[in-house]
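The structure appears right after this line, and notes come after that.
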Amino acid sequence: MKAAANAFVLAALVATAAQAQPTAQPTPGASASRDCFRMSQLRGHKRVDARTLNIETGSGAIYRWEMSGSCLAGSSGSDPLVMSPTSGSDMICRPIDLDLKVKSGSILSPCIIKSFTKLTPAEVAALPAKQKP
C-alpha cells in the first residue's frame, strides 16, 4: 500500500513539474529565423512609406522594418536615423533591441519598430530601384 502511495505521489510530482516548465515560444515581433545583425554594420536606408524602412547591412542583406505607427510620415528620404541599442550590445535580433528616431530638422520623432524581416534574394531583386538602400 505504501509503495502504491509513493508511486502516486511521484507520478503527481512529475506531472506538476512537466506543467510548470515553460515551453519555448517565439518572442512577439522577433524575426522568425532569428537573423541578427550588428548596428555597426548598417550601411544605408530607404523610406518606403510612412511606416516602412528598407535597411541594408554590411553583408549586403536587406531588412524591411515595419513601424507600429506613421512616424516616418513627416520625414524625407534624406533625413537621418538616430539609433541606439537598448540591450547594451550592438547586436540586434528583435525590434525591442533598438531605439529608433528620425531627425527632421531639429525635431527627433520616435519610432516603435513593430517587426523586421530579412528579405530573400528574390524579394530584394523584385524591389523597385527607389526602394533599394
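Normalised by the number of residues in region 37-131, the average gap of Cα pairs under 8 Å and 6 or more apart makes the relative contact order 28 percent.
Scoring 96-108, 78-90, 120-132 by mean Cβ neighbours within 10 Å over their residues and listing the highest first yields 96-108, 78-90, 120-132. In terms of distances greater than 18 angstrom between alpha carbons, the cross-link table entries LYS46/LYS103; LYS103/LYS130; LYS46/LYS101 yield LYS103/LYS130.
A short reminder: the numbers here are calculations on the coordinates, not readings from a lab. As the structure is a prediction and not an experimental result, all values here were calculated from the model. Heads up, the Cβs are rebuilt from the backbone with ideal geometry, glycines too, and the neighbour counts pull from every protein chain shown.
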